[in-house]
1. What number in nm² do you get for region 104-158 if you take the convex hull of its Cα atoms and divide its surface by four?
2. Taking 2.2 N^0.38 Å as the expected size of a compact globular protein, what ratio does the Cα radius of gyration of region 55-164 give against it, to two decimals?
3. Considering the chain as a Gaussian network with a 10 Å cut-off on Cα pairs, which listed residue, Asp28, Asp170, Asp106, attains the greatest mean-square fluctuation?
4. Suppose all protein chains stay in the model; what accessible area per residue would a 1.4 Å probe give for the chain, in Å²?
5. Ordering Lys193, Lys15, Lys56, Lys79 by accessible area with a probe of 1.4 Å, largest first, what comes out?
6. What FRET efficiency comes out for Ile234 versus Asp255 if R0 is 35 angstrom and r is the Cβ-Cβ distance? Round to the nearest 0.05.
7. GNM on the chain, C-alpha springs below 10 Å: top fluctuator among Gly21, Gly191, Gly213?
8. Over the alpha-carbon set of region 71-133, work out the extent along each principal axis and list the three values in angstrom, largest first.
Amino acid sequence: KTASVVAVSRSDYSKEAAALGAEYYSLDDFSSALSSGVDVLVISTSILSFSSTVQKLLPALRSLPPTDCPLVVDVCSVKSHPSRVLLSSLPPSCDILSTHPMFGPDSGKHSWSGLNFVYEKTRLAGVVASLPGRKPSGDHAYSVDRAERFLSIWEEAGCNMVPMSCDDHDRAAANSQFVTHLVGRVLGRQGLKPTPIDTKGFESVLQLIGSTGSDSFDLFYGLYKYNANSHDTILKLKQALLEVETQLREKERVDVNAPGFGGDAGLLWFEGGGGKRLRE
């Protein structure tokens with residue numbers, strides 16, 4: 001609706017691209033794809049293969065005149081790692097936009113309205129977001145306009161646009177997205193199944209297990225490996241489980257030692273249903 005699309009992949013998706021009205025090139029012919037006048041390059045690949053994929057794209061990108069370099073956008077579920085890879089690898093003339101649509105094929109199936117879209121203008125015309133004070137090295141107005149036009153696609157689709165630094169995103173994601181996947185995986189290992197007396201709360205638990213289990217383990221591993229905050233989330237979950245167990249055992253200990261628990265003192269015992277008091 002808003003742009004001509006050129007697709008590039010290792011596998012042959014030429015039929016799928018044609019059905020969507022997009023041009024298709026194999027990854028080996030990436031230079032030809034760029035020569036078609038690509039203005040924005042969206043790298044949509046797994047977290048684990050992000051760095052190696054970027055390395056395969058570099059020769060073609062480095063061969064471009066500085067004025068022809070596209071805006072490079074990543075959509076990974078972690079942000080600091082791909083941001084560092086792009087900043088250290090891409091030609092300085094390539095603008096960088098770090099993004100994370102906080103939804104997927106299931107949650108965004110019917111509408112993107114109200115769904116979060118996180119982004120950082122990592123580098124525009126040589127100005128790096130994490131290094132304020134630098135002067136633009138290119139056409140700053142054009143770079144900003146191009147990034148804004150790309151972001152407007154998501155905004156016009158109803159997304160809730162959230163500007164956020166890559167580091168802040170990863171800190172927040174470790175305690176939201178990663179912990180969701182972590183708890184879902186842990187509960188899934190218990191082999192929980194529906195029962196005839198399920199509560200609404202337990203149905204939500206099963207939905208969590210299903211939604212996290214449907215994602216690949218590579219995605220889960222990528223959220224762990226490439227987010228420095230994820231290990232702390234695991235430690236906090238372990239500590240929280242230990243504290244809850246300790247609280248239960250302490251409550252049990254107090255109840256066992258309380259008058260009237262576990263012994264005869266203070267309890268009335270009756271024989272059958274006749275109401276005869278046996279002992280007190």
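1. 4.5
2. Working: Rg = 14.6 Å, N = 110, 2.2 N^0.38 = 13.1 Å.
This ratio for region 55-164 stands at 1.11.
3. Asp106
4. Details: 17310 Å² over 280 residues.
Per-residue value: 62 Å².
5. Lys15, Lys193, Lys56, Lys79
6. Numbers: r = 32 Å, r/R0 = 0.92.
Calculated value: 0.65.
7. Of the options given, Gly191 has the highest mean-square fluctuation.
8. Computed over region 71-133, the largest-to-smallest principal extents equal 40, 21, 17 Å.
The values are calculated or read from the model by the stated rules, or taken from the named source; none is laboratory data. What you see is a predicted model; the values in this text were computed from it and never measured. Cβ: placed from backbone, ideal geometry, glycine included. Neighbour counts: every protein chain shown. Calculation scope for accessible area: heavy atoms of the full protein, side chains included, ligands and nucleic acids excluded. Shrake-Rupley method; radii C 1.70, N 1.55, O 1.52, S 1.80 Å.
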